[in-house]
1. I'd like the Karplus ³J(HN,Hα) series for the range 19-31: coefficients 6.51, -1.76, 1.60, θ = phi - 60°, whole numbers in Hz, and an x wherever there's a Gly or Pro.
2. Under a 5 Å amide H to amide H cut-off, with H placed in plane at 1.01 Å, what residues pair with I45 once short-range neighbours are removed?
3. In Å, what Rg and Dmax follow from the Cα atoms of the range 1-64?
4. Label-point separation (nm) for D21 and V63, each offset 7 Å from Cα along Cα-to-Cβ?
Amino acid sequence: MVKPKPPLVISMTKDGKLNVDADEVPLDGLLAVVRAQMESDPKGIIQIRADRAGTYGPVIEVVDLLGANGFTHVALVSDPKSRSVARAATVPDARKGSTP
């Protein structure tokens, strides 16, 4: 059985800085790096992990850039742990008689 290749991970900081795996990459150099990394498996999976404190626009810009250049297996990855912590901080506890 052939083991699937691990996904290429693009991380985005809240400031919009990009890292491909562990290397910082400027947006205008992202496509060249992705093409080089995905050369052996152009239909491989690319994961985008963006800082929750960042804005949505730069994430979509990266997704659009990848899609326009033939990279269609793109996944947005979330952190369920931080999501549950954020939800707990914003959702009132009905047991305490809180109302929204």
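1. 10, 10, 6, 9, 9, 6, 9, x, 4, 6, x, 4, 4
2. When sequence neighbours closer than 5 places are left aside, the close amide H contacts are L8.
3. 12.3, 42
4. It works out to 2.6 nm between the two label points.
Every number in this text was worked out from the coordinates using simple rules, so none of it is lab data. Owing to the predicted nature of the structure, the values given are computational and were not obtained by experimental measurement. Neighbour counts run over all protein chains shown; Cβ positions are idealised from the backbone, glycine included.
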